[in-house]
Amino acid sequence: MESGALFVAKISITSSMAVLYATIGEIFAERSGVLNLGVEGMMLMGALSGFATVHATHSLWLGVGVAMAIGGVFALIHGFFAITLKVNQVVSGLALTLFGIGLSDFLGRPLIGKVSVKFEPVSLYPLYKIPVLGDVFFSHSLLVYPAYLLVPAAYLFLYRTRYGLELRSVGENPSAADTVGIAVARLRYCYTFLGGVLAGLGGAYLSLAYTPGWKEQMTGGQGWIAIALVIFAMWDPLRAAGGAILFGFINAFQFYCQAAGITVVPGYILRMLPYLFTIGVLVIITRWEAARKRVGAPSALGIAFEREE
Amino acid sequence: MAKRLVLLLVVLLSVGLVFSAPCFAKMKVAFALLWTIDDMGWTTAHYRGIQYLKKELGDKVEVSYTEKVLAANAEQVLRGYAKAGYKIIFATTFEHMDPCLIVARDFPNVIFEHCSGYKKNDTNMGNYFVRMYQAEYLAGYMAGLMGYKNVGTVATQPIPEPIRGINAFTIGLKKGLKEAHVPYNPQKVNTVVWLKSWRDATNETLLAETLASRGHDLIRQMADTPDSSIAACRKGVPAVGYGIDVSAQAPCALVSTEWNWGVYYVDTVKRVLAGTWKPAADWWGFDKKGIKLSPFNASVPEKVRKKVLAEKAFLEKGIDNIFAGPIKDQSGRIRIPEGRKASDQDLLTMRWLVQGVSGKIPD
């Protein structure tokens, strides 16, 4: 029996990883100016293809690779509509989610209830020996640890590298970026693809590590939470990590209180908080121009780029 | 001349159809299902019932089903079947209740059976359910005999059906603990947490892991996916499965409490074929095999199995004293006095938890 606080801290991390990967991916896509509402669909396709691969080959890492590739391919479908055909991105993204749900339901039917190998928790030597923190952070499955590197890497990439600057410029002012010779469409394709790859990884985390196996619509809306989290995090990877774990924490905490027989705040209220905060952020950034600039909603988000000849 | 010929043909055809129809056409039976037939929970259990019906009466009936019939399109699906000449239509989830009532009124010659609700009419719509609580009682009894005195239950929606199940499980658990002479805390043998959903794999996992980490020695799954049992296995804690046998996915499951709809479907169809069907509110227990207990896990001792099966034999004979007084609720107040037994009406409207359950019914 572990101590309650430690357990809640630990499970806040395990239960938020899928959302975290998907959120970081969506930040990349949105930073490049492509709003992709297809996250739920990409996660589901990732979860299904990852599990199907592992079920057939018993190779976990191959499964993860396939999940990421399929997630990316799905994102490219959205990319084609949003970037090349310049259709309404909201419609195209929603279509991708509906398509992903339907296709994964259909293709996944023979796999429901099947059992295969899965990622088991691996304590990371020697870090797990750190008192308290070791247990909370370093005794998870191997699909959790890459996130610890991904979050700071994404941050540094966005704000400290030339590529990150190009990425942001494409999302903020594609015409200017184009003028200085940045290939706007190509970059948008790349980061939309990356978004899909990470969403696929998030899906694989669910089907291969957290709730192993395939079930219809097993993401249960986590793709939508990821999209909300992007706004909650104001398009920043570090805040996204904090936000994802906060979402995970609130959920874990209210269940823990139930199990322990403690009533602090009604569970309903706790569950509402992250969404209320997201709405709050939306209000702020749409109401005040100054805030909008500071928190960094990409100015060209959701707007197709028309090159002026 | 031509006119006469046509008339003659029509007459001949109609006569032929009228007389030959009963000889050739099988009776058509339809099922409206909540989710997909392989959802490993509620709908899989109904589908197994459909397969059983086909096996037993496949020569007499033709069976169709529609998956994912949600509240919004239930009426349309039921009406479609009624129009298409189906003779019996089973609506298999609570949300089909009101649509079923409406369609039943419009098609008085079609027989409707609704599962898990409380409405019926006097002509052509009955309802049915099975006494899952009896199986839960047996599972609890088994757990008690094996000495599990700190069970954690991943409960679903706070309505009478799960509440009754939790109570029966806890009553069985305390009986088992007493017989095994295991000391226990009478206020807290079964801790209940609510998912507020019938199926939600991620949170089922989260809840089961939370309970396991708090030192609960057995996880009782009540949701519609095996995930809380799977999570228990992963944490090295045994589980009790629900709905279907979960041992393939969760090898640590000691036993599962299963729906057994097939026998009801076969019986109903037989009654309709024989012309003896009447709208009723059926609630089948072990006496009519409406539910069953899966095979035990190898780790369940022979002595325990014998005792559980002996208790089951009573239920099979129709002797159900699970909710016989005195039974106290969580506050210690006597809800069912000595010498009395909860009526079916009491059971169907149960909104209180027995002593020994820790955790509240959420608002």
Item checked: Measure of compaction for segment B:229-363 (Cα Rg per 2.2 N^0.38 Å) -> 1.29
Next item on the list: Average the reciprocal distances over every distinct pair of alpha-carbons in the protein assembly as shown, invert the result, and give the Kirkwood radius in Å.
Entry: 27.5 Å
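Rounded, prolate or oblate, given the Cα gyration tensor of segment A:58-162, with a/c below 1.5 counting as rounded? List each step's numbers first, then the result.
On the way: a/c = 3.06, a/b = 1.39, b/c = 2.20.
Oblate, because a/c is 1.5 or more while a/b does not exceed b/c.
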Next item on the list: For segment A:3-295, just the Cα set please: Rg and Dmax, both in angstrom.
Entry: 19.1, 62
Notebook entry, point to check: If amide H atoms are built 1.01 Å from N in the plane of the peptide, which residues on other chains or at least 5 residues away come under 5 Å of the amide H of B:Asp282?
Noted result: B:Asn127, B:Tyr128, B:Phe129
Item checked: Residue among B:Ala74, B:Gly126, B:Ile111 farthest towards the positive dipole end of segment B:25-130, charges placed on Cβ -> B:Ile111
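Pairs of Cα atoms under 8 Å, at least six residues apart: use those to get the relative contact order of chain A, whole percent.
Normalised by residue count, the contact order of chain A is 36 percent.
Would you please report the Å³ per residue occupied by the convex hull of the alpha carbon atoms in segment B:25-130?
Numbers: hull volume 9.8 nm³, N = 106.
In segment B:25-130, the Cα hull volume divided by residue count equals 93 Å³.
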Notebook entry, point to check: So how tilted is helix A:184-205 from the main axis of chain A? Cα-based, degrees 0 to 90, rounded to 10.
Noted result: 10 degrees
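List the pairs from B:Lys188/B:Lys328; B:Lys26/B:Lys289; B:Lys68/B:Lys119; B:Lys196/B:Lys235; B:Lys149/B:Lys292; B:Lys317/B:Lys341 whose alpha-carbon separation is above 20 Å, in the order I gave them. Let's see the in-between values first.
Details: B:Lys188/B:Lys328 13 Å; B:Lys26/B:Lys289 27 Å; B:Lys68/B:Lys119 22 Å; B:Lys196/B:Lys235 23 Å; B:Lys149/B:Lys292 24 Å; B:Lys317/B:Lys341 17 Å.
Pairs exceeding the cut-off: B:Lys26/B:Lys289; B:Lys68/B:Lys119; B:Lys196/B:Lys235; B:Lys149/B:Lys292.
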Next item on the list: Compute the distance in nm between two label points, each set 7 Å from the Cα along the Cα-to-Cβ direction, one at A:Ala183 and one at A:Tyr125.
Entry: 4.6 nm
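Treating the beta-carbon of each Lys and Arg as +1 and of each Asp and Glu as -1, no other charges, what is the dipole magnitude of segment A:49-136 about its Cα centre, to the nearest 20 debye? Write out the running numbers ahead of the final one.
Details: 5 positive and 3 negative charges, 21 e Å.
Here segment A:49-136 has a charge dipole of around 100 debye.
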Check: Which FRET efficiency, nearest 0.05, do B:Arg340 and A:Thr263 yield, Cβ-Cβ r, R0 56 Å?
Finding: 0.95
Next item on the list: Report the net charge of residues surrounding B:Gly140, where surrounding means a beta-carbon distance below 14 angstrom and charges are Lys +1, Arg +1, Asp -1, Glu -1.
Entry: +4
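Can you give the calculated 222 nm mean residue ellipticity of chain B, where each DSSP H run of n ≥ 4 adds -39,500 (n - 2.57) and the sum is split over every residue, rounded to the nearest 500 deg cm²/dmol? Write down the numbers at each step before the final one.
Numbers: 11 runs with 151 residues, N = 363.
For chain B, the value works out to -13500 deg cm²/dmol.
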Checklist line | Cβ crowding within 10 Å averaged over residues, with A:178-188, B:152-162, B:204-214, A:133-143 ranked highest first | finding: B:204-214, B:152-162, A:133-143, A:178-188
Notebook entry, point to check: With Cβ to Cβ distances under 15 Å as the rule, what net charge do the other residues near A:Gly203 carry (K, R +1; D, E -1)?
Noted result: -2
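Using R₀ = 25 Å, calculate the FRET efficiency as 1/(1 + (r/R₀)^6) where r is the Cβ-Cβ separation of A:Leu76 and A:Arg307; round to 0.05. Intermediate results must be reported in sequence, preceding the final value.
Working: r = 21 Å, r/R0 = 0.82.
The value I calculate is 0.75.
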Notebook entry, point to check: How well do other chains shield peptide B:202-212, expressed as the mean number of their Cβ atoms within 10 Å of each residue Cβ?
Noted result: 6
Next item on the list: Would you mind checking the tilt of helix A:222-232 against the longest principal axis of the Cα atoms of chain A, expressed as 0 to 90 degrees and rounded to 10?
Entry: 60 degrees
Margin query: For B:Lys83, give me every one of the aspartates and glutamates with a C-alpha distance below 20 angstrom, ignoring sequence neighbours fewer than eight places off in its own chain.
Written below: B:Glu62, B:Glu67, B:Glu75, B:Asp98, B:Asp106, B:Glu113
Item checked: C-alpha long axis of helix A:89-108 to longest principal axis of chain A, angle in ° -> 40 degrees
Item checked: Relative contact order computed over segment B:25-130 (Cα-Cα under 8 Å; 6+ residues apart), in percent -> 26 percent
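Filter the DSSP H helices in chain B by two things, a Kyte-Doolittle mean of at least 0.0 and an axial alpha-carbon span of 15 angstrom or more, and list the hits by number. Working shown, then result.
Numbers: long enough: B:2-24 (31 Å, 2.06); B:42-57 (23 Å, -0.87); B:71-83 (19 Å, -0.42); B:132-145 (20 Å, 0.36); B:160-179 (28 Å, -0.31); B:201-213 (18 Å, 0.26); B:261-274 (20 Å, 0.42); B:302-316 (20 Å, -0.55).
Those that clear 15 Å and a mean of 0.0 are B:2-24, B:132-145, B:201-213, B:261-274.
Which whole number gives the average count of other chain Cβ atoms within 10 Å of the Cβ atoms across peptide B:227-235?
Details: counts 6, 0, 0, 5, 3, 0, 0, 4, 0.
Per-residue shielding by partner chains comes out at 2.
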Note to self: Can you compute the modelled spin-label distance between B:Lys289 and B:Asn321, with each label point 7 Å from Cα toward Cβ, in nm?
What the structure shows: 2.7 nm
Next item on the list: Average the reciprocal distances over every distinct pair of alpha-carbons in chain B, invert the result, and give the Kirkwood radius in Å.
Entry: 21.8 Å
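How charged is the neighbourhood of A:Gly108? Take every other residue with its Cβ under 11 Å from the Cβ of A:Gly108, and add Lys/Arg as +1 and Asp/Glu as -1.
Details: positive: A:Arg109, A:Lys114, A:Lys215; negative: A:Asp105, A:Glu216, B:Asp38.
Once all neighbours under 11 Å are counted, the net charge is 0.
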Notebook entry, point to check: Using a basic spin-label model with each label point 7 Å from the Cα along Cα→Cβ, how many nm lie between A:Leu156 and A:Val87?
Noted result: 4.0 nm
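Charges at C-beta only: +1 for Lys and Arg, -1 for Asp and Glu. How large is the resulting dipole of segment A:3-295 about its Cα centre, in Debye rounded to 20? Provide the component values of the computation, followed by the final result.
On the way: 19 positive and 12 negative charges, 58 e Å.
With Lys and Arg at +1 and Asp and Glu at -1, about 280 debye.
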Checklist line | 18 Å Cα-Cα reach of B:Lys174 towards aspartates and glutamates, excluding residues that sit fewer than 8 places from it in its own chain | finding: B:Glu136, B:Asp217, B:Glu311, B:Asp320, B:Asp329, B:Glu338
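Read-outs: derived from the displayed coordinates by stated rules, not from any lab. Here the structure is a predicted model, which means the values were calculated and not measured. Note that we place each Cβ from the backbone using ideal geometry, even for glycine, and neighbour counts take in every protein chain shown.
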